[in-house]
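Here is the structure we will look at.
Nothing in this text is a laboratory measurement; each read-out follows from the coordinates by a stated rule. Here the structure is a predicted model, which means the values were calculated and not measured. FYI the Cβ positions are ideal-geometry reconstructions off the backbone, even for glycines, and counts take in every protein chain you see.
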Amino acid sequence: MTTVNWTNVTEPIGMLQQANVTTGGWFWTGMLAMLWAILLISMLPFGFEAALLAASFGAFMVGIIMAYMGIVAWTWVVMALGMIIGMILWIMYSRND
């Protein structure tokens, strides 16, 4: 089991990074995924396409901040961006009668 070495925390960002150290780098990635899921579920009454687009946009915005802080990998942020682009293309394709 990994324990927290508080002597390595010398800056405020170190407090946030310690959560990733003890969980193998998955804590903040899981938080970003849960944010996306909560946004998606809460916006489902507006329609699935709108909910998926809005949840991905919200996760993308928060993910950019987390990636710049160094607590989430850019791969997860780009996945949210890919979902946004995919949904825009899907909406354009499905609305074109």
Q) Going through the range 36-75 one residue at a time, which ones are under 11 Å from the mean Cα position of the chain (by Cα) and not hydrophobic (A, V, I, L, M, F, W, C)? A) Ser56, Gly58, Gly63, Thr75
Q | Filtered residues of the range 23-35 (kept if β-branched (Val, Ile, Thr) and surrounded by 15 or more Cβ atoms within 10 Å (Cβ to Cβ)) | A | Thr29
Q) Can you tell me which of Trp90, Trp74, Trp26 is in contact with an Asp or Glu (Cβ under 8 Å, 6 or more places away or on another chain) and hydrophobic (A, V, I, L, M, F, W, C)? A) Trp90
Q: Assess whether Ile64 counts as being closer than 30 Å to Trp6 by Cβ and either surrounded by fewer than 17 Cβ atoms within 10 Å (Cβ to Cβ) or free of Cβ contacts under 8 Å to residues at least 60 places away in the same chain (or both).
A: yes
Q) Does Tyr68 satisfy being closer than 30 Å to Gly14 by Cβ and among the hydroxyl-bearing types (Ser, Thr, Tyr)? A) yes
